[in-house]
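Enquirer: Quick one: this structure, given as structure tokens, is what I'll be asking you about.
The values are calculated or read from the model by the stated rules, or taken from the named source; none is laboratory data. Keep in mind it's a predicted model, so treat the numbers as computed, not measured. Cβ: placed from backbone, ideal geometry, glycine included. Neighbour counts: every protein chain shown. When the accessible area is computed, the model is the full protein with side chains, heavy atoms only, and any ligands, DNA or RNA have been set aside. Shrake-Rupley method; radii C 1.70, N 1.55, O 1.52, S 1.80 Å.
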Amino acid sequence: MGKSSVYNSDVIRSAIVPVAGYGTRLLPATKSQPKEMLPVARKPIVQYVAEELAANGVRQILFITGRNKSSIENHFDSDPELLRILKSANKRDLLQELEFEDLEVKYLYTRQRQQMGLGDAVLCGENFAGEEPFVVALGDSILGLHAQSRSVSRMADLFVSRRASCVIAVEEVPIEETRHYGIVHASDGEGDSDTYRVLNLIEKPRPEEAPSNLAIAGRYIFSPLIFDMIRRITPDARGEIQLTDAIRMMCEEGKRILAVKLPPGEKRYDIGNFPSYFETFVEFALADPVYGAGFRTSLERLLEDKTRQALK
Ligand code: G1P
């Protein structure tokens, strides 16, 4: 019987959130601040991630940080001076904006000393996870508009009920884009139409080598077995220890790995490059309950002006 079969809780309380990457694709914006702190509409990206995890039952988050990431820690810490100023000025609406500080989540931080890949970053959370299953949520991906996603809870249910060693969220991507993602080779037959048994995984394959167009979508649930696998795999050609390779080793050892497709309408917003960052910002700003309608009007006016100028 696999180690995962001993878990009886249907809620997974711990999450590891890797935020150590340099964010080079977003330079110069990320020269001295983490990409995870860039705002999408009114909040920094990492706040959406923490709120999503809290809404899915997570009660402690370990951020795997690196150099230049201290603003993440500051963001989740309370600031008594700011509170005092806002209270004395009776700025209730602004005080409401700080309510995320009261999320029922304990935050912990550790540093990945050298950038040796996502697998190595996750390995930094071994003591934190202990003997319990845990979530890995990539700090540069938001699930669902305004992070309303309940996918992590669904994945946790499947992890326990199907006695899996790993559950991965996946999304369909255009086949010509497989080189940006971990791609899974999956078979049906896991009962639900959105759930697959994973047979193999390849990190960033060329389209002609990709076994499917199902891409790993930035959320995972693992049994602590993954740490052994990470320790045993060899680094890739760039010297990075890939999490995808460690999951493949689990697969090869016969462990049950499941993939769950994100529900229709639940987009994954990837903030790792400028085109998708711009698009995400605009989509979230348009959906803002206070400023969305006004922003739509300005955007429409701007687009009309540009179209008119282009036609001149
Ligand atoms: C990472 C993972 C990859 C996954 C992607 C998006 O790649 O290694 O398997 O598909 O996130 O969740 P990165 O975007 O960090 O290069």
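Enquirer: Measuring with a 1.4 Å probe in the full set of protein chains, what accessible area per residue, in whole Å², belongs to the chain?
Expert: On the way: 15990 Å² over 312 residues.
Result: 51 Å² per residue.
Enquirer: Between TYR109 and residues 5 or more places away or on another chain, which pairs have amide H atoms under 5 Å apart, with H built 1.01 Å from N, and which residues are they?
Expert: PHE63
Enquirer: How far is it, in nm, from the label point at ALA55 to the one at ALA310 when both lie 7 Å from their Cα along the line to the Cβ?
Expert: The two pseudo-label positions are separated by 3.4 nm.
Enquirer: Follow-up question, since we're still on this one. Angle between the Cα long axis of helix 292-311 and the longest principal axis of the chain, 0 to 90 degrees, nearest 10?
Expert: 80 degrees
Enquirer: Any idea which of HIS185, ALA129, SER161 is furthest toward the positive side of the dipole for the stretch 117-186, if Lys and Arg beta-carbons carry +1 and Asp and Glu beta-carbons -1?
Expert: In the stretch 117-186, that residue is SER161.
Enquirer: Also, quick follow-up: Taking just the alpha-carbon atoms of the stretch 1-160, what radius of gyration and Dmax come out, in angstrom?
Expert: Both quantities, over Cα of the stretch 1-160: 16.8, 61 Å.
Enquirer: Same structure again: Under 24 Å between C-alpha atoms is the cut-off here; go through the chain and count lysine pairs that meet it, provided they're at least eight residues apart or on different chains.
Expert: Final tally of qualifying lysine pairs is 17.
Enquirer: Let me spell out the model: positive unit charges on the Cβ of Lys and Arg, negative unit charges on the Cβ of Asp and Glu, origin at the Cα centre of the chain. What dipole size does that give, in debye rounded to 20? Numbers along the way, then the final one.
Expert: Working: 40 positive and 45 negative charges, 108 e Å.
The dipole of the chain has a size of about 520 debye.
Enquirer: Among LEU86, LEU303, SER32, whose Cα sits farthest toward the positive end of the charge dipole of the chain (+1 at Cβ of Lys/Arg, -1 at Cβ of Asp/Glu, about the Cα centre)?
Expert: Most positive-ward Cα: SER32.
Enquirer: While we're on this one: HN-Hα J couplings of the stretch 205-211 from phi, Karplus 6.51/-1.76/1.60, θ = phi - 60°, integer Hz, Gly and Pro as x?
Expert: Per-residue couplings from phi come out as x, 5, x, 5, 9, 6, x Hz.
Enquirer: Mean residue ellipticity at 222 nm from the helices of the chain, using -39,500 (n - 2.57) per DSSP H segment of n ≥ 4 over the full residue count, to the nearest 500 deg cm²/dmol? It would help to have the intermediate numbers written out before the result.
Expert: On the way: 11 runs with 104 residues, N = 312.
Estimated from H runs of four or more residues: -9500 deg cm²/dmol.
Enquirer: Are there any trypsin sites (Lys or Arg not before Pro) in the stretch 91-125 that are in a DSSP loop and have at most 15 other Cβ atoms within 10 Å? List them by number.
Expert: Working: sites: LYS91, ARG92, LYS106, ARG111, ARG113; in loops: LYS91, ARG113.
Here the sparse-neighbourhood loop sites are LYS91, ARG113.
Enquirer: Oh, and also: List, in order, the whole-Hz ³J(HN,Hα) value for each residue of the stretch 33-44 obtained from phi through the Karplus relation with A = 6.51, B = -1.76, C = 1.60 and θ = phi - 60°; use x for Gly and Pro.
Expert: Computed from phi, the couplings for the stretch 33-44 are 9, x, 4, 5, 9, 5, x, 10, 6, 9, 10, x Hz.
Enquirer: In Å, the Kirkwood hydrodynamic radius of the chain over pairs of distinct alpha carbons? Walk me through the numbers before you get to the answer.
Expert: Working: mean 1/r = 0.0485 Å⁻¹.
20.6 Å is the Kirkwood radius here.
Enquirer: Can you give the charge dipole size of the stretch 123-277 about its Cα centre, rounded to the nearest 20 debye, using +1 on the beta carbon of Lys and Arg and -1 on the beta carbon of Asp and Glu?
Expert: Values: 18 positive and 24 negative charges, 40 e Å.
Here the stretch 123-277 has a charge dipole of around 200 debye.
Enquirer: Related question: Describe numerically, in nm with one decimal, the distance between label points set 7 Å from Cα along Cα→Cβ at ARG231 and at THR110.
Expert: In this crude spin-label approximation the distance works out to 1.3 nm.
Enquirer: Packing-wise, with mean Cβ within 10 Å as the measure, how do 300-311, 79-90 rank, highest first?
Expert: Values: 300-311: 9.1, 79-90: 10.9.
Order by mean packing, descending: 79-90, 300-311.
Enquirer: To the nearest 20 debye, what is the magnitude of the charge dipole of the stretch 5-137 about its Cα centre, counting +1 on the Cβ of each Lys and Arg and -1 on the Cβ of each Asp and Glu?
Expert: Details: 16 positive and 18 negative charges, 128 e Å.
Here the stretch 5-137 has a charge dipole of around 620 debye.
Enquirer: Under the 0.36 nm per residue contour assumption, what length would be gained going from the current alpha-carbon distance of ASP288 and GLU99 to full extension? Don't skip to the answer; put the middle values down first.
Expert: Values: separation 189, 0.36 × 189 = 68.04 nm, distance 1.75 nm.
Difference between extended and current length: 66.3 nm.
Enquirer: Any idea what % of Cα-Cα pairs in the stretch 99-225 are farther than 23 Å?
Expert: Numbers: 3192 of 8001 pairs.
When all Cα pairs of the stretch 99-225 are counted, 40 percent exceed 23 Å.
Enquirer: Positive end of the dipole of the stretch 174-312, charges at C-beta (+1 Lys, Arg; -1 Asp, Glu), about the Cα centre: which of TYR196, PHE284, CYS251 has its Cα farthest in that direction?
Expert: Positive-end residue among those listed: PHE284.
Enquirer: Output the peptides 29-37, 192-200 sorted from most to least packed, where packing is the average of other Cβ atoms within 10 Å over each peptide's residues.
Expert: Working: 29-37: 18.6, 192-200: 16.2.
Put in order of decreasing packing, that is 29-37, 192-200.
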